[in-house]
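In what follows, a structure is listed as structure tokens, so that the remarks can point back to it.
Rule-based calculations on the coordinates, nothing more; no lab input. Remember, predicted model here, so these are calculated numbers, not experimental data. With ideal geometry, Cβ positions are generated from the backbone for all residues, glycine too; neighbour counts draw on all protein chains shown.
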Amino acid sequence: MKPKSQKQALFSLLNSGIKLDLLKAFKLTGSMKLCSRVSEFRQLGCNIQGEMKTFKTKFGTTGRYMEYQLKPNKASRQIAKSLVKNS
């Protein structure tokens, strides 16, 4: 299935078990709205876990970012079926 939208592409990646952060989502789908899409998926009933990651910048300070992972449930299976049907 070739996704027709960035939303479909993001869900497909999450549904395949890939952990996504903003940079990876942008590189793979062109979307810079990962937080918004995750919120929408959660409102639809998907169980998406977020984990705060930390890193050191080149200046020695600490930075943080969120990494998301979908934990499959009934809602995520229904969304996956509807995305396949709509493509």
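Quick look at the values:
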quantity	calculated
Residue pairs meeting the criteria (Cβ under 6 Å; at least 6 apart or on separate chains; first among the acidic types (Asp, Glu), in the stretch 39-51; second in a strand (DSSP E or B) and surrounded by 13 or more Cβ atoms within 10 Å (Cβ to Cβ))	GLU51/GLU67
Residue within the stretch 38-61 that is surrounded by 10 or more Cβ atoms within 10 Å (Cβ to Cβ), farther than 21 Å from LYS85 by Cα and either touching a Ser or Thr at 6+ places or on another chain (Cβ under 8 Å) or of a type in the set (Phe, Trp, Tyr) (or both) present	yes
Residue in the stretch 63-81 that is in contact with a helix residue (DSSP H, G or I) (Cβ under 8 Å, 6 or more places away or on another chain), closer than 16 Å to GLN6 by Cα, in a helix (DSSP H, G or I) and free of Cβ contacts under 8 Å to residues at least 40 places away in the same chain present	no
Any hit, the stretch 2-16, residues being small (Gly, Ala, Ser), under 22 Å from LYS85 (Cβ atoms), in contact with a Pro (Cβ under 9 Å, 6 or more places away or on another chain) and surrounded by 10 or more Cβ atoms within 10 Å (Cβ to Cβ)	yes
